[in-house]
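Okay, structure first, notes after.
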């Protein structure tokens, strides 16, 4: 008896073809999802950079301020005291919700008006608040929070 030998199959079965199509569609959909999320991630990064820029502008100004105990001349009675001709109203951050507070008084302050105009204008309509705390031996620590009030994401 002779048996006919079958030659190896040169094609793929239907199940193999369906499995390959399924794997390929999963890979393509993952790639498309990643590509579609790129613009959104880029916008979030740009917003983060702008917020950092805005906060840094205010913090840079606050670094030049001193608290009243470090005045070498007569200490003004309030930030709005104009008797010190060298520094009239110099230690009050413009636009702070507490007009009689020093810029580095302990507490939360509104620093929105001290931000660059591009941060306060549309489409961002940003606001900034900063909090001053005392650490250890009367060392002031400042933390800034920037918030965008816009419909762009």
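The values are calculated or read from the model by the stated rules, or taken from the named source; none is laboratory data. As the structure is a computational prediction, the values presented were derived from the model and not from experiment. Cβ: placed from backbone, ideal geometry, glycine included. Neighbour counts: every protein chain shown.
Numerical summary
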read-out: Pick from the stretch 125-144, criterion in contact (Cβ under 8 Å) with a residue 40 or more places away in the chain and under 16 Å from residue 98 (Cα atoms), ranking: farthest from the chain's Cα centre (by Cα); value: 130
read-out: Meets criteria (part of a loop (DSSP other than H, G, I, E, B) and farther than 14 Å from residue 62 by Cβ) for residue 97; value: yes
read-out: Failed criterion for residue 143 (all others in (1) under 12 Å from residue 55 (Cα atoms); (2) surrounded by 17 or more Cβ atoms within 10 Å (Cβ to Cβ); (3) out of contact with any helix residue (DSSP H, G or I) (no Cβ under 7 Å at 6 or more places or on another chain) hold); value: (2)
read-out: Residue check for residue 47: modelled with pLDDT of 80 or more, under 21 Å from the mean Cα position of the chain (by Cα), buried (at least 16 other Cβ atoms within 10 Å of the Cβ) and more than 25 Å from residue 135 (Cβ to Cβ); value: yes
read-out: Given (1) touching a helix residue (DSSP H, G or I) at 6+ places or on another chain (Cβ under 9 Å); (2) surrounded by 18 or more Cβ atoms within 10 Å (Cβ to Cβ), number of the condition residue 101 does not satisfy; value: (1)
